[in-house]
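Comments concern the structure below.
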């Protein structure tokens, strides 16, 4: 025995232990699932070393997991013959939390300790610590796979510290001893342990024993023929794979011999953890070779934006000793990626066509991931574009249209796909720019997600039809010309427009007679192909020095308000009240778009106008 060294837990670990000691989770049995999962990971890793490294400690040792009890000491033992740990790895793996989502996890649970039914432990790399829900003290005996490694004993009572000392351990692997709390003696019962394994860990790919009795575990189903599997088999595998009790929304089982050999099962979960605002999830598709884990969350096959897809890709054509550096440049990996993505996008398209309700659930959960793909995956941009859904002026508030359907409904003379941006449907419906489109019965796509405009910017067009912002569209209404028949009014109107140009100065690009308005008195029109107001607001948030683009100010000659303004100008062009009202006319549009920068001037002016109006009553 060597000397005993004392270490302090990382601060996040202390917070986590405090939460777990007070039994945040009612379903405490998940601790065993996590210990078994960790053991499987250790066995996977040593299996890889045994196949590629000639110098492995205890090379002839059987790969297995043993669960046993010492009931007289309230002790539950989980032991594996896996890769083991060195002293440094004990400190790194047990004393700290390296997983990127763990800190966010702790923060969320600290804010609301009522989330006792949320089964998320396994998703955050904090599974080992869940053992402190049932244990007063934990001892870890471990010995690394490296030749000549020393054995170590790690101890902690779940408080702020732990100790490490040298210890005799004859064989490679890790032995975890849990000294259970008095009220947790149920976990010293063989039947209880078997039930937990059946609920959570029945796909373990290594021999698993409980008190020397071998447990029947299910083979990794991705290598089995689809004809021999039922939906229940896929559901059970998914639940095990993602540590969840929820069934998947859809699955895709692939087997291929050409252009490259591989087996794969992919799942789309019913719930998006990103959507509920918890964190950015880790990539969910693991890469295997001959059932040996090569890389967890392999983004070289499944792009980052498809991180919500969970599952396994296993190919015997991938060399076992492939490194993470060479994965990126491996021709086989590239072929698998192209094949898998084509099949996955085809699968989404098929669901969209045949089961609209199911696809709509997928879309509502993961639409931002698809939009992210439009911006980042040029090779598959067209395929993703066919999966996009939009709300529109021809659909109800809970209905959606795709681009194919929009184009099919277009009039033969229509050359562009029109869209409008805003914060919500209600405000979009009141946008003056839509008046002409409604009058002419032209469909407009409603974009209320800031990512939508980024999508449009990257697509540029679809099936030869360019996207066009309604405020930039060159659209005219014939009835708008009726007022021009009165030559005197036309002359007075032109004079008033000249007046507006003078008082507005550099605030706007131009003042024009509008041929697109029906009821609204005026509108701000965007420069051709310029960014929308919503996009400019985002630019302004990123860069405070950003200046909003100048727009043309169009007035509706048929509007009662504009007619009164023209009359006032004709009768008294130098009137201070006329100037006040005319300035307010523009600022009303600026206020509507949320781009006003002189609010301290606008509010007093509004109050002055209200006072004069009240006195005239």
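What the table below lists for this structure:
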quantity	calculated
Filtered residue count, the stretch 371-406, keeping only those that are loosely packed, with under 15 Cβ neighbours inside 10 Å, assigned by TED's automatic domain parsing to the domain that holds residue 454 and in a helix (DSSP H, G or I)	1
Residues being under 33 Å from the mean Cα position of the chain (by Cα) and under 21 Å from residue 27 (Cα atoms) - total across the stretch 193-224	9
Any hit, the stretch 287-295, residues being within 25 Å of the chain's Cα centre (by Cα) and at pLDDT 95 or above	no
Residue list for the stretch 150-180, filter: within 39 Å of the chain's Cα centre (by Cα), part of a strand (DSSP E or B) and on the phi < 0 side of the Ramachandran plot	154, 155, 156, 161, 162, 174, 175, 176, 177, 178, 180
Meets criteria (over 38 Å from the mean Cα position of the chain (by Cα), over 18 Å from residue 169 (Cα atoms) and touching a residue at least 60 places away in the same chain (Cβ under 8 Å)) for residue 73	yes
Strands (runs of 3 or more DSSP E) completely within the stretch 213-315 that count 1 or more residues being out of contact with any strand residue (DSSP E or B) (no Cβ under 8 Å at 6 or more places or on another chain) and surrounded by 21 or more Cβ atoms within 10 Å (Cβ to Cβ)	none
Test for residue 582: is it assigned to a loop (DSSP other than H, G, I, E, B) and either in the same structural domain as residue 430 (by TED's automatic domain parsing) or in contact with a helix residue (DSSP H, G or I) (Cβ under 9 Å, 6 or more places away or on another chain) (or both)	no
Some residue of the stretch 460-483 being farther than 28 Å from residue 374 by Cα and within 40 Å of the chain's Cα centre (by Cα)	yes
Residue list for the stretch 555-577, filter: free of Cβ contacts under 8 Å to residues at least 40 places away in the same chain and touching a helix residue (DSSP H, G or I) at 6+ places or on another chain (Cβ under 6 Å)	568
Every residue from the stretch 531-556 that is surrounded by 16 or more Cβ atoms within 10 Å (Cβ to Cβ) and in contact with a strand residue (DSSP E or B) (Cβ under 9 Å, 6 or more places away or on another chain)	531, 532, 533, 534, 535, 551, 552, 553, 554, 555, 556
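The values are calculated or read from the model by the stated rules, or taken from the named source; none is laboratory data. Quick caveat: nothing in here was measured; it's all calculated off a predicted structure. With ideal geometry, Cβ positions are generated from the backbone for all residues, glycine too; neighbour counts draw on all protein chains shown.
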